[in-house]
1. Can you pull out every residue in the range 232-257 that is within 24 Å of residue 272 (Cα to Cα) and basic (Lys, Arg)?
2. From 76, 29, grab the single residue that is assigned to a loop (DSSP other than H, G, I, E, B), within 21 Å of residue 178 (Cα to Cα) and either within 19 Å of the chain's Cα centre (by Cα) or at pLDDT 70 or above (or both).
3. For the list (1) modelled with pLDDT of 95 or more; (2) touching a Gly at 6+ places or on another chain (Cβ under 9 Å); (3) more than 24 Å from residue 187 (Cβ to Cβ), I need the number of the one condition that residue 56 fails.
4. Residue by residue through the range 169-196, note down the ones that are among the hydroxyl-bearing types (Ser, Thr, Tyr) and either open to solvent by 20 Å² or more (accessible area, probe 1.4 Å) or at pLDDT below 95 (or both).
5. For the list (1) under 22 Å from residue 107 (Cα atoms); (2) surrounded by 12 or more Cβ atoms within 10 Å (Cβ to Cβ); (3) without any contact (Cβ under 8 Å) to a residue 40 or more places away in the chain, I need the number of the one condition that residue 272 fails.
6. Residue 250 is checked against (1) charged (D, E, K, R); (2) open to solvent by less than 50 Å² (accessible area, probe 1.4 Å); (3) free of Cβ contacts under 8 Å to residues at least 60 places away in the same chain and fails just one. What number does that condition carry?
7. Among 90, 53, which is the only one that is within 12 Å of the chain's Cα centre (by Cα), surrounded by 21 or more Cβ atoms within 10 Å (Cβ to Cβ), charged (D, E, K, R) and over 21 Å from residue 215 (Cα atoms)?
8. Here are some residues: 241, 236. Which one is closer than 19 Å to residue 122 by Cα, open to solvent by less than 30 Å² (accessible area, probe 1.4 Å) and in contact (Cβ under 8 Å) with a residue 12 or more places away in the chain?
Amino acid sequence: MALSRRELMLYGATGLVSAVFSTGGVAKVQPPLNGGPPLTSKAYYIQWMQKNRGEAANFLGQRWDRFEQLIAHKDVWDDRNKRAYLLTPRERFVTKANIARAYEGHYLDIGYGVTITGPHTVARMTNSIDVRPGDKVLEIGTGSGYQSAYLSYLTDKVYSIEIIKPLAARTRGIYDGLIADGYTEYQHISTHTGDGYYGLKEEAPFDRIIVTCGIDHIPPPLLQQLRPNGIMVIPVGPPGVQHVLKVTKKQAADGSFTVARSDIYQGGTLSFVPFTKLGQSGIVGTHNGD
């Protein structure tokens, strides 16, 4: 979108601040007041975020540029989800080797044989489950931590489970570091280590469930832990060729349940890391075929 002369002046001034930040570094972070950052222009967004969040202008500019692509591809459509994307510092969740690529549209390697999902997919999957304030949300596959961070701007009840112990520990450390920097919203993310196929029974039921790994069926324990009229998004299909399904659990007047499915990409497929399985000696294969 075109910028006015005043906006260009503001952007030019705020852009000078980026030189004092290290990669991903922040100054004093304040809670996202008054509904969060403005959606009107790149210049005003950067100005607001630097004043209220102390983030680096170079990353903010890249985040906004990707935001415009999300809108163009219809991957995000309501204002709450737009602001959730714009508030989440993706650069803090990628590896140091990929810091310059944080806002590319691709999946990026984070070690341990897994990736951080691309911003377009994260945005579309999140917007599709329509998280409301106070909803209890379960994420299967904590991974980098970016997805749950995004969710924390939509609800204060986020639960996430990761099967790879050292990755879970590393990501918990990232959250704790961000909380220390002032991102207090991440205090609402409860992290767990285990096999996500079985969900988190002790915290069920959940209003929303988001699965970030591919499998060839919908795990029955996750359906059981989904609240009536709850929504799940999950990549379903053979390895490397998954359809991202929106699954809605409906309860009839007689107490019976039905499950409605729709494809959030209208038939398009994506490739997700496999939904791995935990055995007595560690990770042993995947849940495909179960």
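1. If the condition is that a residue be within 24 Å of residue 272 (Cα to Cα) and basic (Lys, Arg), then 246, 249 are the ones that fit.
2. None of the other options fit; the residue is 29.
3. With respect to (1) modelled with pLDDT of 95 or more; (2) touching a Gly at 6+ places or on another chain (Cβ under 9 Å); (3) more than 24 Å from residue 187 (Cβ to Cβ), residue 56 is out only on (3).
4. 184, 190, 191, 193
5. For residue 272, the failing item is (3).
6. (2)
7. Working: 53 fails: within 12 Å of the chain's Cα centre (by Cα).
Answer to the check: 90.
8. Selected residue: 236, the only one of 241, 236 that is closer than 19 Å to residue 122 by Cα, open to solvent by less than 30 Å² (accessible area, probe 1.4 Å) and in contact (Cβ under 8 Å) with a residue 12 or more places away in the chain.
The values are calculated or read from the model by the stated rules, or taken from the named source; none is laboratory data. Just so it is clear, the model here is predicted, and its values are computed rather than measured. Ideal geometry is used to build each Cβ from the backbone, glycine not excepted, and the neighbour counts take in all protein chains shown. Heads up: the accessible areas ignore ligands, DNA and RNA and are worked out on the full protein's heavy atoms, side chains in. Shrake-Rupley method; radii C 1.70, N 1.55, O 1.52, S 1.80 Å.
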